[in-house]
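Down below is the structure, laid out as structure tokens.
Here, each number is a calculation from the coordinates, and none is a lab measurement. Just so it is clear, the model here is predicted, and its values are computed rather than measured. Positions of Cβ are backbone-derived with ideal geometry, glycine not excepted, and every protein chain shown enters the neighbour counts.
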Amino acid sequence: MGECLKCGQCLSSCPVYKTLRDEAFSPRAKVSLSDQGGELYRKRLLQSCLLCGGCQKSCSGGLKTTDLFLEARKRFSRSLPVSKRAALFVFRRPWLDLARAFPLHRLLSPFSRPRGRSPSLSRSQGGERVLLFPGCLSRYLFPEILRSALRLLTSIGYSPVVPPFDCCGFAPLSAGMQERFERLKRTNTQLRERAGGGAVVTLCPTGYHTLTSLYGWGDVFSLPEFLKAHGGGMLETLRADGRRIALHLSCHTQNFHPRANLLEEILRDLPGVDLQVPQERRCCGFGGSFAVSNLELSERIARENIANFDQGAEVITDCPGCALQIGRRRKVSHVAVFLDSLARGFDEL
Ligand code: SF4
Ligand code: SF4
């Protein structure tokens, strides 16, 4: 697994360290404390981590830091903060079903207000089948992301199918709940098999990372990746005349996706677009239950991220979690909604 050389190469990749500038919260401190030190100290340091993978990607010692942190969380899961347990309690299927039935969150988030015409869910008949793994936020809180993805896949001649996949399990795993994660992995694997297997398209970078790296599934694509590879040139027909956009890529795409720059390339190629890519890519500070168990720190990271964007630009992201976090402060759209709006000729999202 490699060893920590104490070189500090990881410091500039860590959103928590960059905000706090405190060596005690650096990745190397977390690595060295992952199997020693007092329980309270371990708990505090281990929980002050977004599991973003930045340190792993930049580690000159070849350390699988996120594996180390997940392992440590499993060992100390009984000392989880109450706020984190509460977040995980809410993030269970019955409560999410309720949230879908009574979408009160829409009153709060400008991001999630329906825009334009009401979308239809028409699908092509007889096109090649492809499975869609929407992720919890697209399935329960932001169904417009799911609807846009369905329309885009249909428009390139596919018949998208959405099996009743459960949570990918990253949230319980990050809380040290290995058994629950294994149950969810088994359930989702069975659902994929029952649906006939084949390619899976994800709308959530954390879902992509979990399915590929932690489940070991093959034939999994992010939506932009699938549209580029199988869209028959559909992306090349889109135009974005006069659109000024800023790209926010999720940490899990930046640090775990093998083609992390693909979305930027796709957006840059849109005729007429004015694309702003922040010089320094930053984390939005969401990190699932991190935003609940580290509210103040999450807010500080979020503020620094927002200050990084050109004020006049529309923010586009590939992650429903980042959209939720950024959407409390700025107009933001998931890339599925953005590309769908271009395909349908809307000027406004
Ligand atoms: S996983 Fe991310 S937040 Fe956690 S220590 Fe590494 S870089 Fe920092
Ligand atoms: S980059 Fe890797 S080896 Fe260097 S200090 Fe960070 S964790 Fe240790």
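Points to keep in mind about this one:
- Bridgeable lysines around residue 185 (alpha carbons under 21 Å apart, same-chain partners fewer than 8 residues away excluded): 74.
- Proximal lysines relative to residue 18, as straight alpha-carbon distance under 21 Å, when same-chain residues fewer than 8 apart are discounted: 6, 30, 43, 57, 64
- Applying 0.36 nm per residue to the separation of residue 162 and residue 75 and subtracting their alpha-carbon distance, the gain on full extension is 27.8 nm.
- Neighbourhood charge, 12 Å Cβ-Cβ cut-off, centred on residue 266 and excluding it, Lys, Arg +1 and Asp, Glu -1: -3
- Amide proton proximity set for residue 222, modelled H, under 5 Å, gap of 5+: 202
- Basic side chains Lys and Arg get +1 at the Cβ, acidic Asp and Glu get -1 at the Cβ, and with that the dipole of region 235-343 about its Cα centre reaches some 300 debye.
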